[in-house]
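The values are calculated or read from the model by the stated rules, or taken from the named source; none is laboratory data. Remember, predicted model here, so these are calculated numbers, not experimental data. Reconstructed Cβ throughout: ideal geometry from the backbone, glycine too, with neighbour counts over all protein chains shown.
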Amino acid sequence: MKRVSLTQHLVEEQRLHNTIPAELRLLIEVVARACKRISYEVSKGALGDILGSADTENIQGEVQKKLDVISNEILLEANEWGGHLAAMASEEMESIHPIPNRYPKGEYMLLFDPLDGSSNIDVNVSIGTIFSVLKAPEGMGEPTEEAFLQPGTAQVAAGYAVYGPQTMLVLTTGDGVHCFTLDREMGSWVRTQSNMQIPTSTKEFAINMSNKRHWHPPVQRYVDEMLAGKTGARAKDFNMRWIASMVADVHRILNRGGVFMYPADMRDPSQPGKLRLMYEANPMAMIVEQAGGAATDGTQRIMEIQPSKLHQRVPVFLGSKEEVELVTRYHAE
Ligand code: AHM
Ligand code: MG
């Protein structure tokens, strides 16, 4: 295999498709470097005194883990000084993070979930970082929260790092989805998959079944039909997987197909699902669509939702096209 580094990949993409100007390349490389740091911290576990909770709550009132806080700091620090960003926003921070005045400002805005899959941190199961890149609106002075409220179709790049048996970075800049594996000895990201494609049909689904009694009828129907197996309406047996780390579940789906669901349910009408549009749903939707899959909130394409607030939550159905189309159709019927 010819070794292609992340840098080489980004330079070549720019030459071929003109989609990665130098400033965006710097941004992606800085994010990738930060993920390398996070991966290192994650790997220390109890030896690094990084497990457990930080005795703080984030904006959604969730108890923060030490690693949530550390990862957030790493991403902020890494991205502040380079001159490529106008502002940042994080799932772990209530309001946006403007670039301090001592540094030059750039034309991009970075959003991230610094450490996704919090419930898996302390039990040594895969977790990850998710990020999304937008352009700052023309002529924007001081960055505002409104500047971030752009639909997912406006993303210029999206990606995630998964900290599992291997640390991997999955990236799209709108020209397919590419995967890089962290070479721990060399400290570099090496491209290990190009143009990843999600199979259109699948026999595997992912949902937290413990919430079944709360689901709305279309989701009940869709999952019941899969559970009915060969003799049911779908006439095939399905397998189920739920890692409870979106990055790890999406990574499996990118590699072998499947459908991932985090639906809204009947418990609290003011909370449409658990996952956040700006930090989780949009970047994953871009990656999945770029790999030939689909992503909806049950009624419309996730990337076309006009956000109304930074920490907005949305129902998520994504993965193999046939399945996402079917469950979306059940919502319409
Ligand atoms: P987090 O950002 O607080 O870690 O929550 C998001 C995670 C996703 O990674 C995962 O798909 C989901 O929450 C799991 O939720 P549940 O614990 O309800 O199964
Ligand atoms: Mg999180």
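Values as computed for the structure displayed
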item: Condition met for Thr153 (among the hydroxyl-bearing types (Ser, Thr, Tyr) and not in a loop (DSSP other than H, G, I, E, B)); result: yes
item: Test: residue in segment 213-228 that is touching a Pro at 6+ places or on another chain (Cβ under 7 Å), of a type outside the set (Lys, Arg) and within 11 Å of ligand 1 (Cβ to nearest atom); result: no
item: Selection within segment 259-272 - crowded, with 21+ Cβ neighbours inside 10 Å and touching a Pro at 6+ places or on another chain (Cβ under 6 Å); result: Pro263, Ala264
item: Filter result for Arg276 (modelled with pLDDT of 95 or more and either hydroxyl-bearing (Ser, Thr, Tyr) or within 12 Å of the chain's Cα centre (by Cα) (or both)); result: yes
item: Complete set of residues in segment 188-221 that are farther than 23 Å from Arg329 by Cβ and either buried (at least 22 other Cβ atoms within 10 Å of the Cβ) or at pLDDT below 95 (or both); result: Trp189
item: Hey, Arg25 more than 16 Å from ligand 2 (Cβ to nearest atom), assigned to a helix (DSSP H, G or I), under 21 Å from Ala136 (Cβ atoms) and modelled with pLDDT of 95 or more or not; result: yes
item: Helices (runs of 4 or more DSSP H) lying entirely in segment 225-333 (those with 2 or more residues that are within 16 Å of ligand 2 (Cβ to nearest atom)); result: 246-256, 282-290
item: Segment 70-129 - residue that is among the aromatic types (Phe, Trp, Tyr) and more than 16 Å from ligand 1 (Cβ to nearest atom) and, of those, farthest from Leu26 (Cα to Cα); result: Tyr103
item: Residue within segment 200-215 that is in a helix (DSSP H, G or I) and under 18 Å from Glu323 (Cα atoms) present; result: yes
item: Which numbered condition Ile207 misses (of (1) within 23 Å of Ile305 (Cα to Cα); (2) β-branched (Val, Ile, Thr); (3) more than 13 Å from ligand 1 (Cβ to nearest atom)); result: (3)
item: Residue check for Gly82: away from ligand 2 (no atom under 16 Å from the Cβ), touching a helix residue (DSSP H, G or I) at 6+ places or on another chain (Cβ under 6 Å) and touching a residue at least 60 places away in the same chain (Cβ under 8 Å); result: no
item: Which numbered condition Arg256 misses (of (1) farther than 18 Å from Ser201 by Cα; (2) surrounded by fewer than 21 Cβ atoms within 10 Å (Cβ to Cβ); (3) of a type in the set (D, E, K, R)); result: (1)
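Table: residues versus (1) out of contact with any His (no Cβ under 8 Å at 6 or more places or on another chain); (2) part of a strand (DSSP E or B); (3) within 18 Å of Tyr279 (Cβ to Cβ); (4) without any contact (Cβ under 8 Å) to a residue 60 or more places away in the chain.
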position: Asp55; (1), (2), (3), (4): yes, yes, no, yes
position: Val69; (1), (2), (3), (4): yes, no, yes, yes
position: Met88; (1), (2), (3), (4): no, yes, yes, yes
position: Pro100; (1), (2), (3), (4): yes, no, no, yes
position: Ser119; (1), (2), (3), (4): yes, no, yes, no
position: Val133; (1), (2), (3), (4): yes, yes, yes, no
